[in-house]
Amino acid sequence: MIQENSSQGRLRFTTDLSEALDRCEICFIAVGTPQDETGKADLQYVFRAAEEIGRVMTQPISVVNKSTVPVGTARKVRQRIQHELDIRNESMAFDVVSVPEFLKQGVAVKDCMRPDRIVIGVDSEEQSLLLRELYTPFVRNDESLIVMDIESAEMTKYAANAMLATKISFMNELANICERVGADINRVRIGIGSDHRIGYHFIYPGCGFGGSCFPKDISALIHIASEAGSPAHILQAVSGVNERQRHILAKKVIDRFGEDLTGYNFALWGLSFKPDTDDMRDAPAIAVIDDLISVGARITAYDPKAMDVAKNIFLKGYRGVEYAESKYAAIKGADALILVTEWKEFRSPDFVELRTHMKRPIIFDGRNQYDKKQMQKRGFEYHQIGAV
């Protein structure tokens, strides 16, 4: 898509903001908002972009904030742009609106071209019409275009991620209860998901969520709520449940093999926080590896995309971690297999191959990819989340 549209003259790249804003009607701010040391959203990159726009803009433009930001940020962006214009002694009309980003890693292009909804936060009918004109070609019907005030649009992104994270943590907490009382979370999931008010989306148990959005957005929303004088008790619990869940797989391994794992080698399938990406930010695999290495284990890891990121960034310098060229190479001589990320290629492996090359036919499944009865028939000792 980049090559085609570049060759057709519809897409250009530049590091010169003046050139980028030349004849520009709409300018997007799409920069990172990582956590600061307190867990709040760090807005320095958003504000820096706003200030640079104010320094070089030469005509009226609409500034669209795509970054995930606390409520009220659009107003602060407007102030910073206006401040730069005042320094230049320029009088120029501009607008700042909010169109939060809802792309999912691994399917970002699809989400961009065929979004399930586009939230537009504006404070004037003129801006509403402009943004509708821009986004109408991407939506199937007008119901997918949701126009609201700017503050509500800013809040919607945090609320959406918080709701999804809450569903995940709720299911993980239920899974832990199921293990204690002898229930099977896989069957419970089907039982509750059939209720149309609940549905099946995001009610899969596992070893915790990670990535660049859920953890930081929940943390940011907790701080927003606290500063507003309305503590987010549920979100604090969601964060706490997830932090504990990230250690559940390692605990299962330690419970099975003992607290001293010196001399044991475990195969680990999946390093990225989710399939179809190499992103390891806050990936549960990091917690699993940390916990097991701390008690003497060795890890042989395999991931279809994330191994270079692991070697050079997130697990750089880790002793006790090796990397395999394939999922089958990883399991050779392994005392057990630990499945962390639900990549498609892990769903139906050659179990005969696994039994042949593993030292012990033991699997710890952090994503409940397999059927326990089938695994037992194949001769595996199988441990999953939320079922004994």
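The values are calculated or read from the model by the stated rules, or taken from the named source; none is laboratory data. What you see is a predicted model; the values in this text were computed from it and never measured. Note that we place each Cβ from the backbone using ideal geometry, even for glycine, and neighbour counts take in every protein chain shown.
For PHE214, the criteria (1) closer than 25 Å to THR341 by Cβ; (2) among the hydrophobic types (A, V, I, L, M, F, W, C); (3) over 17 Å from the mean Cα position of the chain (by Cα) hold in every case but one, which is (3).
Of the residues screened, GLU322 is not one that is assigned by TED's automatic domain parsing to the domain that holds PHE257, in a helix (DSSP H, G or I) and either hydrophobic (A, V, I, L, M, F, W, C) or touching a residue at least 24 places away in the same chain (Cβ under 8 Å) (or both).
Of the set (1) modelled with pLDDT under 95; (2) more than 29 Å from MET113 (Cα to Cα), all apply to GLN44 but (1).
Quickly run through the stretch 262-276 and pick out the residues that are surrounded by fewer than 21 Cβ atoms within 10 Å (Cβ to Cβ), part of a loop (DSSP other than H, G, I, E, B) and of a type outside the set (Phe, Trp, Tyr). Before the answer, list the steps.
Restricting attention to the stretch 262-276, the residues satisfying the condition of being surrounded by fewer than 21 Cβ atoms within 10 Å (Cβ to Cβ) are 262-265, 274-276.
Narrowing the set further to residues that are part of a loop (DSSP other than H, G, I, E, B) leaves 262-264, 274-276.
If the condition is that a residue be surrounded by fewer than 21 Cβ atoms within 10 Å (Cβ to Cβ), part of a loop (DSSP other than H, G, I, E, B) and of a type outside the set (Phe, Trp, Tyr), then THR262, GLY263, LYS274, PRO275, ASP276 are the ones that fit.
For ILE254, which of the numbered conditions (1) within 22 Å of LYS157 (Cβ to Cβ); (2) β-branched (Val, Ile, Thr); (3) in the same structural domain as PRO361 (by TED's automatic domain parsing) fails to hold? Exception for ILE254: condition (1). Looking across the stretch 90-116, the residues that are at pLDDT 95 or above and more than 30 Å from ALA283 (Cα to Cα) come down to PHE94, ASP95, VAL96, VAL97.
Residues in the stretch 135-156 that are hydrophobic (A, V, I, L, M, F, W, C), in a helix (DSSP H, G or I) and out of contact with any Asp or Glu (no Cβ under 7 Å at 6 or more places or on another chain): PHE138, ALA153, MET155. Kindly indicate whether VAL64 is surrounded by 22 or more Cβ atoms within 10 Å (Cβ to Cβ) and in a helix (DSSP H, G or I). Considered against the rule, which asks whether it is surrounded by 22 or more Cβ atoms within 10 Å (Cβ to Cβ) and in a helix (DSSP H, G or I), VAL64 comes out as no. The number of residues in the stretch 232-261 being crowded, with 18+ Cβ neighbours inside 10 Å, closer than 15 Å to MET163 by Cα and of a type in the set (A, V, I, L, M, F, W, C) comes to 4.
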